[in-house]
Amino acid sequence: MTNWIGAAEAAERLGIKQATLYAYVSRGVLSRRREAEGRASMFDAAEVEELARKGRPRRTGGAAELVIESELTEITPRTQRYRGYDATDLALRCSFEDVAALLWTGSLPATGAEVTEAAAGAGTRGWQATEAALAAGRAAQAGLPAGTLPLERLQVIVPALAATDQFRLHLDRPAVVAAGQALIAGMIGALPATQPAEALAPDQRANEEAGGRPRSLQKEPWVPADASRADLAGLSGSIAARLASRLCTGPAPAGLIRVLNAALVLLADHEMAASTLAARVAASMRADPYAVVATGLGAMGGALHGGAALGAELMLTSAGSPADAPRVVGDVLRRGERLPGFGHFVYKDGDPRANLLLELVAAYAPASPQLAVASAVTDEARRRALPEPNIEFALAVLAGVAGMIRGAGEAIFATGRTAGWIAHGLEEYERNTPIRPRGIYTGRTVPG
């Protein structure tokens, strides 16, 4: 009969830290089981003794590995869980605000409540930025060139918001939660309003309401509306509704807001992604929540992280119809590039977040021409035995179907993941131990 021991005892028998123990698990050196409540890790005592007898395993070449314990998110081949809750289930029934509260406090405020605009809006009390913060955020990005992407604007807005918060270094949990709510509200509220729907030509507006995207807007750079015409939709209502008002080129129907809310929930956290690790390192050095988020924003812009959404958007808009899919995919491959928005480091058999979001987009606008193009591109990728689409591709499809501005996928990713960065920051504030990896010098030695 197997004798199971806890992580602390296993680490002690091996003479290693618990972080190293979990690194052994991730590399397949040790196996573990989870207790019924899903929290405690248990190890086979005989397997531990055998490893202790053989000595530490020699590390094989490959990606650098840093293991950090966290109670926030668990990734499985089929889904991810936020504090034990299935994230795909949360995306279908909970508001983004409630899921952020779950990550930040450990409690889900509205368990089982169906997401409606009224219900989501009721949970946004406290999700407000100060007038000074909004003024600073808007002024900071107002001088950027026309066509500046939303993510680039957010990277400027966040430090400006920080400068107005004199209590940002107050790092206990209630203060950080309040700062997180104000920060996300300020990020959205400081973005410029998009062109009002009434300014569109009637045929363009009809196309948009039918689920299509006006051809004249497909490849045009984003030009912010005049301040005198900026609407106030980005300052009230649910976070999803506010963000829709900043990314959509016309009014966002309730059905679209529900899809956008689901996308924000699915993106709220994803364990130790590159941007999250960067954010945790900043937090471990007692950086304030704004600096933590700014660090995450800087790391997620790369083409291998959230930035892949922009590449997928550009790829999809280069196809005029589903018949262009073979050419579009072939052009990318001939350049020796990866198909943007396809494949994932963790999900080898398909990204469950992408699968759900694509299903929701298809249910929202089944007749959309942009959806037909995206489906054709996916089919062509599968015909060529390429990896399955990931969440960045699903964001690009959502942006295209909804007629959003260029770079909207990155903005959705950044807004959703901000909740996770703050949650990881809270864990680091409480852990209160700097993350300081050691390097191995491989350069030359100059005789002294």
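Tabulated results
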| item | result |
| --- | --- |
| Sum of side-chain charges, D44 neighbourhood, beta-carbon under 13 Å (Lys, Arg +1; Asp, Glu -1) | -1 |
| FRET efficiency, 1/(1 + (r/R0)^6) with R0 45 Å, evaluated for S375 and L66 via beta carbons | 0.70 |
| Within the range 258-290: backbone nitrogen closer than 20 Å to the I435 label point (7 Å, Cα to C-beta) | 267-290 |
| Å² of accessible area per residue within the range 245-391, as computed with a 1.4 Å probe and no ligands counted | 38 Å² |
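The values are calculated or read from the model by the stated rules, or taken from the named source; none is laboratory data. Here the structure is a predicted model, which means the values were calculated and not measured. Glycine gets a Cβ as well: all are built from the backbone with ideal geometry, and neighbour counts include every protein chain shown. The protein model used for the area step is the full one, side chains on, heavy atoms only, and it has no ligands, DNA or RNA in it. Shrake-Rupley method; radii C 1.70, N 1.55, O 1.52, S 1.80 Å.
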